[in-house]
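J.: Have a look at the structure that comes next, please.
The values are calculated or read from the model by the stated rules, or taken from the named source; none is laboratory data. Quantities reported herein were computed from a predicted structural model and do not represent experimental measurements. Positions of Cβ are backbone-derived with ideal geometry, glycine not excepted, and every protein chain shown enters the neighbour counts. Each accessible area value is taken on the protein alone, full model and side chains, heavy atoms only, with ligands, DNA and RNA left out. Shrake-Rupley method; radii C 1.70, N 1.55, O 1.52, S 1.80 Å.
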Amino acid sequence: MKYLVMVQGTQADYEAMRGKASADSPAWSEQEIQAMYAFMSAINDDLAESGEMVDGQGLAEPAKIRHVGLGADGKAVITDGPYSETKELLAGYWVLDCASLDRVTEIAERIARCPQPAGAPEYPVVIRPILDGAGDI
């Protein structure tokens, strides 16, 4: 079965990784950034070697989001950046092909152990099974 495994973050988290602390996120040092990248690279390498990795990507910061909807007149309504009330957003993901929910849960637990500075917010790693077709609903 395929699963979407997601990690979350906020604009403040991306700013913190650039060294700009906020009330919600302490500034990351270059060593902490490198430790995070090394940790994630090791996970990706292991998943590729096991054949479970289908895809995985980090996503650009929330400030680069574009929302596209339709107005009452049927015309596109386009808004750049996250809404002010938005909290956590998708920061990165993996599409994994795993033998069981238990296996993908083990992987998510490993992802949750990603190193970060003391006091940084901790978000849950989210697992969502990917439907194989409309008949799965």
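J.: Which one of the conditions (1) touching a residue at least 24 places away in the same chain (Cβ under 8 Å); (2) open to solvent by 60 Å² or more (accessible area, probe 1.4 Å); (3) among the aliphatic types (A, V, I, L, M) does Ala72 fail to meet, given that it meets all the rest?
T.: If we test Ala72 against (1) touching a residue at least 24 places away in the same chain (Cβ under 8 Å); (2) open to solvent by 60 Å² or more (accessible area, probe 1.4 Å); (3) among the aliphatic types (A, V, I, L, M), just (1) comes out false.
J.: With the requirement that a residue be free of Cβ contacts under 8 Å to residues at least 12 places away in the same chain, part of a helix (DSSP H, G or I) and under 20 Å from the mean Cα position of the chain (by Cα), what does segment 16-35 give you?
T.: Gln34
J.: Just checking, which of Ile111, Ile130, Ile107 is open to solvent by 40 Å² or more (accessible area, probe 1.4 Å) and of a type in the set (Val, Ile, Thr)?
T.: Ile130
J.: Please find, among Gln31, Gln116, the residue that is within 23 Å of Glu15 (Cβ to Cβ) and open to solvent by less than 90 Å² (accessible area, probe 1.4 Å).
T.: Unique residue meeting the criteria: Gln116.
J.: In addition: For Gln8, are the conditions met, namely being touching a strand residue (DSSP E or B) at 6+ places or on another chain (Cβ under 9 Å) and surrounded by fewer than 11 Cβ atoms within 10 Å (Cβ to Cβ)?
T.: no
For (1) open to solvent by less than 50 Å² (accessible area, probe 1.4 Å); (2) outside any strand (DSSP E or B); (3) over 29 Å from Ala12 (Cβ atoms), each residue gets a yes or a no:
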{"residue": "Asp46", "(1), (2), (3)": "no, yes, yes"}
{"residue": "Glu49", "(1), (2), (3)": "no, yes, yes"}
{"residue": "Gln57", "(1), (2), (3)": "no, no, no"}
{"residue": "Ala63", "(1), (2), (3)": "no, yes, no"}
{"residue": "Gly92", "(1), (2), (3)": "yes, no, no"}
{"residue": "Leu96", "(1), (2), (3)": "yes, no, no"}
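J.: Another one. Here are some conditions: (1) open to solvent by 40 Å² or more (accessible area, probe 1.4 Å); (2) modelled with pLDDT under 95. Leu101 meets all but one. Which one does it not meet?
T.: Only one criterion in (1) open to solvent by 40 Å² or more (accessible area, probe 1.4 Å); (2) modelled with pLDDT under 95 is unmet by Leu101, namely (2).
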